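*Asks:* Take a look at this one; I'll ask things after.
The values are calculated or read from the model by the stated rules, or taken from the named source; none is laboratory data. This is a predicted model, so every value here is computed, not measured. For neighbour counting, all protein chains shown are included, and Cβ atoms are generated from backbone atoms with ideal geometry for every residue, glycine included. Ligands, DNA and RNA are stripped out before the accessible areas are found, and what is left, the full protein with its side chains, is counted by its heavy atoms. Shrake-Rupley method; radii C 1.70, N 1.55, O 1.52, S 1.80 Å.
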Amino acid sequence: MRPVFLPNFGFIQDRLPKDLFKSLKKECNEIEKQKRTEMISGLSGDGVPKHYYLEDTKTQFTRYLSEVIFEYNKYFNAFNHIKLFDRDVPLKINTPWVNVQKKHEFIPNHTHGGLLSYALWVKIPYDIKEELKTGKYASTFEFNYNTIMGTNLDYRIEVDKSFEGEIILFPANLQHCVYPFATSDDNRISVSGNVFYDI
C-alpha cells in the first residue's frame, strides 16, 4: 500500500535581508507620526487596524519580493495552473500597505485580489505564551481552506517576536484572518500586498 497525496498549493516563508528590514521597520514605526493619509480597504472600520501605503522603502522591498515570487513559482508552479491568457503576461506588485494593529483589534476572515498575497511581520509587541493564556486563537494568523471532501480546515501561525522580519507568500484567494492580541498596549505592525498580472 502507498498513500497518494493530491497536489495543492501552500505558502513560502522567508526572512528579509537585515538592511532592508531595518529601513522598512524604521518607516513603519514612524508612519502614524507622519500623519499619512489612511488607506481605505474593504475591511476598514471600527475594530480593524488602520492601513497606510508603504512609500520610502517600496522600491527596495518590491525588488526583494520579486525574488520570493520566483521561488514560490518554482515550488508550486502556480502560474501554469491559471490559464487566463494565450501568451506570457508579466506580473505586477501593487503598492504594499502597512497594517497598524492595536490591542483588541482584528482582521476578519477575507481573501485578496490578484494571484498572490503576502504578510510581513514587522513588529510583534507581546509574548505568544502570555497571549495564548487569554485564548487558544489569541494573536494568531490563520489560514482557512477546504479539503476535497468539503471539510473546513485551519492552519494557525503563532506569531511572536521571533517572526519580526519574516514574510509569507500565499495564493491571494486563500482565506485568512488575524486574531486580536490582549497583553500589550503597543502596536503590532505588518505589511501586506498583492501580485497581479500586468495587463
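Okay, residues lined up against (1) part of a strand (DSSP E or B); (2) in contact with a Ser or Thr (Cβ under 8 Å, 6 or more places away or on another chain); (3) closer than 22 Å to Tyr72 by Cβ:
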{"position": "Asp154", "(1), (2), (3)": "yes, no, yes"}
{"position": "Ile168", "(1), (2), (3)": "yes, no, yes"}
{"position": "Pro180", "(1), (2), (3)": "no, yes, no"}
{"position": "Asp186", "(1), (2), (3)": "no, no, no"}
{"position": "Ile189", "(1), (2), (3)": "yes, no, no"}
{"position": "Gly193", "(1), (2), (3)": "yes, yes, yes"}
{"position": "Phe196", "(1), (2), (3)": "yes, no, yes"}
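*Asks:* Looking at region 148-170, can you tell me whether even one residue there is among the hydroxyl-bearing types (Ser, Thr, Tyr), in contact with a Pro (Cβ under 9 Å, 6 or more places away or on another chain) and at pLDDT 95 or above?
*Replies:* No; the residues of region 148-170 include none that is among the hydroxyl-bearing types (Ser, Thr, Tyr), in contact with a Pro (Cβ under 9 Å, 6 or more places away or on another chain) and at pLDDT 95 or above.
*Asks:* Additional query: Within region 61-92, take every residue that is of a type in the set (Ser, Thr, Tyr) and without any contact (Cβ under 8 Å) to a residue 40 or more places away in the chain and give me the one that is nearest to Tyr126 (Cα to Cα).
*Replies:* Thr62
*Asks:* Any chance you could count how many residues in region 172-192 are open to solvent by less than 40 Å² (accessible area, probe 1.4 Å), more than 17 Å from Lys50 (Cα to Cα) and in contact with a His (Cβ under 9 Å, 6 or more places away or on another chain)?
*Replies:* 4
*Asks:* Can you name the number of the only condition in (1) over 15 Å from the mean Cα position of the chain (by Cα); (2) in contact (Cβ under 8 Å) with a residue 40 or more places away in the chain that Thr95 fails?
*Replies:* Of (1) over 15 Å from the mean Cα position of the chain (by Cα); (2) in contact (Cβ under 8 Å) with a residue 40 or more places away in the chain, only one is false for Thr95: (1).
Here is a yes/no grid of residues against (1) over 13 Å from the mean Cα position of the chain (by Cα); (2) open to solvent by 10 Å² or more (accessible area, probe 1.4 Å):
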position	(1), (2)
Leu153	yes, yes
Glu164	no, yes
Ile168	no, no
Ile199	yes, yes
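*Asks:* In region 156-166, what residues are assigned to a strand (DSSP E or B) and of a type in the set (Asp, Glu)?
*Replies:* Listed by number, the list holds a single entry, Glu166.
*Asks:* So, in region 1-25, exactly how many residues are of a type in the set (Lys, Arg) and either in a helix (DSSP H, G or I) or open to solvent by less than 60 Å² (accessible area, probe 1.4 Å) (or both)?
*Replies:* Matching residues across region 1-25 total 3.
*Asks:* Could you figure out which of (1) among the aromatic types (Phe, Trp, Tyr); (2) under 17 Å from Trp97 (Cβ atoms); (3) out of contact with any helix residue (DSSP H, G or I) (no Cβ under 9 Å at 6 or more places or on another chain) isn't true of Phe70?
*Replies:* The number of the failed condition is (2).
*Asks:* Same structure, new question: Can you pull out every residue in region 122-174 that is touching a residue at least 24 places away in the same chain (Cβ under 8 Å), under 22 Å from Glu71 (Cβ atoms) and not aromatic (Phe, Trp, Tyr)?
*Replies:* Of everything in region 122-174, those that are touching a residue at least 24 places away in the same chain (Cβ under 8 Å), under 22 Å from Glu71 (Cβ atoms) and not aromatic (Phe, Trp, Tyr) turn out to be Val122, Val159, Glu164, Gly165, Glu166, Ile167, Ile168, Leu169, Pro171, Ala172, Asn173, Leu174.
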